[in-house]
Amino acid sequence: MTSLGGVEMVDWNLAVATATRLVRPGPEVTREEARAAVSELRRHAKSSEEHVRGFTGMQPDRPSESDTPVLVVDRPGWVRANVAGFRELLTPLLAKVQERRSGTPGGAVLGAVGGKVTGVEVGMLLSFLASRVLGQYETFAPATRELPGGADGSGRLLLVAPNIVHVERELEVDPHDFRLWVCLHEETHRTQFAAVPWLRDHIQGEIQAFLSETDMDPSTLLERMREVAQSVAGGRSQGAEGEEKPEAGRAGLVELVQTPTQREILSRLTAVMSLLEGHADYVMDGVGPAVVPSVSEIREKFQKRRATGAGRLDQALRKLLGLDAKLRQYREGERFVRTVVDDLGMDGFNRVWISPNTLPTKSEIVSPADWVARMRS
């Protein structure tokens, strides 16, 4: 990354150290239980390939895309993978800000302090998320020995074992069924990227276009990030009479840097992420009855947990980080997929993967009939 005097805009090593220090420990398990959980998750991830591809009719575009690794990780492992991904994605933006800062008085001092501050802030955010994510298809981090990717540079499937064990215990569901159910969702994401060769580059291009539109001086950018971190640390802000007070940090960093062009890009990104998440939910529940005996119980309990959160502070943090919006993505995306499949069948729905032009817009996600009409015209 471009740096000034060897100082980076974000101290990524400090971000990892902060997150791993603050993240809550996982559930208590014996060594034998841990080994059994890891082994079972690997088996379920493998068996999910056949289930998902048979149900969706989606196959890898090239044989090499079938070798995307499955990594069963702990919470610090998830943090390290995501920091690597963030670092890759944010390099152009931070280099741009770094260049602007280099011409300002005291830029080196600002960089030294700002890099540490933002490193801590990123670490705080990741420490919160690291105990909640069950799985993830990570696509952007470059392959390394510690974080292998597919032979063609594709990503890797992450399954966060302690979080899966924690949730299955909290919900009091059959652990074998729950682990397979989670793997079906995450394998759907791996299949999406393996079978749609342009998808990764399209999403990455949209993200980079969004970031390239950011035009903010370094001190303002760092201040905004501090506002976000302070909101996370405090959970909520109280006015003099005890009423909840609006604050800039509550909207989240993304909301604070949007230009009109960014809002257009974000609308497209929201639509495609709603599609991907809704499709994964639709598939996991569509495959579920045949291979997960207790899928109805799992879905009912999981939906309730997903909707309510763990408490007042948890709900405030979820709102701050945009997780409430993500829940809407799941619901609206799943409804879109279900409605289109009911109308056109799975082959008709799969036209969505032809090119970026056949992706639904944000308004079409909410109104699937409009997408169907566009495809028929």
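Just a yes or no: is a residue in the stretch 299-314 among the aliphatic types (A, V, I, L, M), farther than 24 Å from ILE203 by Cβ and at pLDDT 95 or above? So far as the stretch 299-314 goes, no, none of its residues is among the aliphatic types (A, V, I, L, M), farther than 24 Å from ILE203 by Cβ and at pLDDT 95 or above.
Flag not set for VAL228, criterion: modelled with pLDDT of 50 or more and either outside any helix (DSSP H, G or I) or not aromatic (Phe, Trp, Tyr) (or both).
Conditions (1) surrounded by fewer than 18 Cβ atoms within 10 Å (Cβ to Cβ); (2) polar (S, T, N, Q); (3) modelled with pLDDT under 90; (4) touching a strand residue (DSSP E or B) at 6+ places or on another chain (Cβ under 9 Å), marked per residue:
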{"residue": "ALA290", "(1), (2), (3), (4)": "yes, no, no, no"}
{"residue": "LEU317", "(1), (2), (3), (4)": "no, no, yes, no"}
{"residue": "ALA325", "(1), (2), (3), (4)": "yes, no, yes, no"}
{"residue": "ARG335", "(1), (2), (3), (4)": "yes, no, no, no"}
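Within the stretch 170-212, the set of residues being among the hydroxyl-bearing types (Ser, Thr, Tyr) and surrounded by fewer than 19 Cβ atoms within 10 Å (Cβ to Cβ) comprises SER212 only. Of the set (1) out of contact with any Asp or Glu (no Cβ under 8 Å at 6 or more places or on another chain); (2) over 20 Å from PRO142 (Cα atoms); (3) at pLDDT 90 or above; (4) surrounded by fewer than 17 Cβ atoms within 10 Å (Cβ to Cβ), all apply to ASN13 but (2).
Looking only at residues in the stretch 20-56 that are surrounded by 16 or more Cβ atoms within 10 Å (Cβ to Cβ) and among the hydroxyl-bearing types (Ser, Thr, Tyr), the one that is nearest to SER127 (Cα to Cα) is THR20. Cβ-Cβ contacts under 6 Å between residues 6 or more apart (or on different chains), taken from a first residue in the stretch 118-132 that is under 17 Å from ARG87 (Cα atoms) to a second residue that is at pLDDT 85 or above and among the polar types (S, T, N, Q), are listed as VAL120/THR18; GLY123/THR18. For residues that are touching a Ser or Thr at 6+ places or on another chain (Cβ under 6 Å) and assigned to a helix (DSSP H, G or I), scanning just the stretch 173-189, find the one that is farthest from ARG42 (Cα to Cα). Once the filter is applied, the top-ranked residue is ASP177. Selection of the stretch 98-144 for residues being polar (S, T, N, Q), surrounded by fewer than 19 Cβ atoms within 10 Å (Cβ to Cβ) and at pLDDT below 85 yields SER102, THR104. The criterion of being of a type in the set (A, V, I, L, M) and over 18 Å from HIS44 (Cα atoms) holds for VAL196.
Picking from residues in the stretch 57-68 that are at pLDDT 90 or above and surrounded by fewer than 19 Cβ atoms within 10 Å (Cβ to Cβ), the one that is farthest from the chain's Cα centre (by Cα) is GLY57. For the stretch 70-93, a residue qualifies if it is at pLDDT below 90 and more than 20 Å from THR18 (Cα to Cα), and the qualifying residues are LEU89, THR91, PRO92, LEU93.
Of everything listed in (1) aliphatic (A, V, I, L, M); (2) modelled with pLDDT under 85; (3) surrounded by fewer than 16 Cβ atoms within 10 Å (Cβ to Cβ), the single unmet condition for MET346 is (2). Any residue at all in the stretch 236-249 that's buried (at least 18 other Cβ atoms within 10 Å of the Cβ) and modelled with pLDDT under 50? Yes, some residue in the stretch 236-249 is buried (at least 18 other Cβ atoms within 10 Å of the Cβ) and modelled with pLDDT under 50.
The values are calculated or read from the model by the stated rules, or taken from the named source; none is laboratory data. This one's a predicted model, so the numbers in the text were calculated from it and none came from an experiment. In this analysis, Cβ positions are derived from the backbone assuming ideal geometry, glycine residues included, and neighbour counts consider all displayed protein chains.
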